[in-house]
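**Q** Have a look at this one before I ask anything.
Where a number appears in this text, it was derived from the coordinates with a stated rule and is not lab data. The model shown is predicted, which means the values in this text are computed figures rather than measured ones. Heads up, the Cβs are rebuilt from the backbone with ideal geometry, glycines too, and the neighbour counts pull from every protein chain shown.
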Amino acid sequence: MTIPGHWTNEETDNWEDNEEGQAQIEKNFPVVPVKVIFDENQQLAASFCACMTWTVPVVNINTPLLIIPRKESRFKTQFIVNFPAAGILYLNTKSDPLTNPTPQGFNLIETVAGNYSLPPYEAMQPMYAIATIPGITISMWDQSFGTVSG
């Protein structure tokens with residue numbers, strides 16, 4: 001029995017070594033044209049972008065808010081956070097650490113009201129948020145790639 005993609009001993013007897021010592025197959029195998037659809041040196045723009053603004057729930061009163069879902073095709077997500085007053089915003093890729101009385105995760109501590117940007121998020125994991133004061137809003141745009149079609 002031959003496993004697809006593997007050669008038996010009888011088939012490898014027809015191979016010859018070329019000058020560089022690499023195995024070479026006789027010309028009785030068909031040539032299949034291959035289209036290259038990805039080049040590591042090529043930079044592509046994101047295909048889709050989802051924009052949303054959320055009012056972040058308050059810790060110990062509400063449950064953490066899922067602000068971006070898991071997405072394997074994510075390019076990056078950018079955030080701008082608006083603080084109405086001094087407070088703390090907690091972010092985590094899991095909701096459980098944010099349900100503690102003292103939430104665990106990335107925290108953004110601000111002492112004055114205003115808009116603040118976060119570093120771009122370039123992972124495919126989901127992101128949850130919770131805050132220490134009411135009224136904190138987080139605006140995001142989630143950029144992703146579309147599927148490649150031939």
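**Q** Kindly put 47, 139 in sequence by how many other C-beta atoms sit within 10 Å of each C-beta, fewest to most.
**A** 47, 139
**Q** What is the dipole size for the stretch 48-144, taken about its Cα centre, with +1 at each Lys and Arg Cβ and -1 at each Asp and Glu Cβ, in debye to the nearest 20?
**A** 140
**Q** With an 8 Å Cα cut-off and a minimum separation of 6 or more residues, compute the relative contact order for the stretch 48-144 in percent.
**A** In percent, rounded to a whole number, it is 51.
**Q** While we're here: When the Debye formula is applied to the Cα atoms of the stretch 101-148, each taken as the same point scatterer, what base-10 log of I(q)/I(0) results at q = 0.16, 0.21, 0.28 Å⁻¹?
**A** -0.62, -0.99, -1.53
**Q** I want to make sure I understand the PRE zone here: with the label point 7 angstrom from the Cα of residue 111 toward its beta carbon, which residues in the stretch 71-95 have backbone N atoms less than 13 Å away?
**A** From the stretch 71-95, the list is 86-87.
**Q** I would also like to ask the following. How long, wide and thick is the stretch 48-144, going by the Cα atoms along their three principal axes, in whole angstroms, largest first?
**A** 33, 28, 17
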